[in-house]
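To start, the structure under review is shown below, and the notes come after it.
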Amino acid sequence: MSEYGVMLAEKQKAKYTYGVLERQFRNMFENAAKAEGITGEVLLQNLESRLDNVVFRLGIAPTRAAARQLVGHKHIIVDGQVVNIPSYSVKPGQIVGVREKSKSLEVIEAALAGFNHSKYPWIEWDEQTKSGKFLHKPERADIPENIKEQLIVELYSK
């Protein structure tokens, strides 16, 4: 495969992993390029702080697609308010939880049952309220995805 093909494949892998479409991904990259810090790291931090991804990381949903659906169907609250936009950017200190009416949903109970909540250092889970606090944007070393963000940066800088 050509060098360009390798970079494109890496970008596609990141897009599909996080369930983001091309235009959204491009906009996130441009925002990351404008922000302070290493562009690739900032891009991954922004992807990790999307509401659908935070719901997935908290273990409320078994997959990112399921998390996206839970958000879209208004089962998720952020700081006590219903948010139904999967791309909503969760800020440090915000609390993401399950709506009172939705706490008994089978899919949520099943996902929470076998989940290790201490897996990610940037989020904190509260079992009583079925909610999690987004403590801070994750460091690159803490993000478990096998994505070579430098290749994505190189692709967009062509």
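The values are calculated or read from the model by the stated rules, or taken from the named source; none is laboratory data. None of the values given here were measured: they were computed from a predicted structure. Positions of Cβ are generated from backbone atoms using ideal geometry, with glycine treated the same way; all protein chains shown enter the neighbour counts. Surface areas here come from the heavy atoms of the whole protein model, side chains and all, with no ligands, DNA or RNA. Shrake-Rupley method; radii C 1.70, N 1.55, O 1.52, S 1.80 Å.
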Check: So which pairs qualify, if the first residue must be in the stretch 1-19 and under 15 Å from Gly40 (Cα atoms) and open to solvent by 20 Å² or more (accessible area, probe 1.4 Å), the second must be outside any helix (DSSP H, G or I) and of a type in the set (Phe, Trp, Tyr), the Cβ gap must be under 6 Å, and the two must be at least 6 apart or on different chains?
Finding: none
Next item on the list: Could you check, for the stretch 70-82, whether at least one of its residues is under 30 Å from Leu8 (Cα atoms) and part of a helix (DSSP H, G or I)?
Entry: yes
Notebook entry, point to check: Where residues in the stretch 80-121 are open to solvent by less than 70 Å² (accessible area, probe 1.4 Å) and among the charged types (D, E, K, R), which of them is modelled with the highest pLDDT?
Noted result: Arg99
Check: Which one of Lys103, Lys34 is basic (Lys, Arg) and farther than 30 Å from Lys158 by Cα?
Finding: Lys103
Next item on the list: From Leu112, Leu58, Leu51, Leu44, grab the single residue that is among the aliphatic types (A, V, I, L, M) and farther than 18 Å from Lys137 by Cα.
Entry: Leu112
Item checked: Count - residues of the stretch 122-140 that are open to solvent by 70 Å² or more (accessible area, probe 1.4 Å) and either touching a Gly at 6+ places or on another chain (Cβ under 8 Å) or modelled with pLDDT of 85 or more (or both) -> 4
Item checked: Pair list, Cβ under 7 Å, 6 or more apart: the stretch 50-75 residue farther than 17 Å from Pro144 by Cα, other residue part of a helix (DSSP H, G or I) and polar (S, T, N, Q) -> His75/Ser102
Check: Out of (1) modelled with pLDDT of 90 or more; (2) more than 19 Å from Pro121 (Cα to Cα); (3) open to solvent by 70 Å² or more (accessible area, probe 1.4 Å); (4) part of a loop (DSSP other than H, G, I, E, B), what's the single condition that is false for Asn27?
Finding: (4)
Next item on the list: Filter the stretch 141-158 down to the residues that are outside any loop (DSSP other than H, G, I, E, B) and open to solvent by 50 Å² or more (accessible area, probe 1.4 Å), then identify the one that is farthest from Val55 (Cα to Cα).
Entry: Glu154
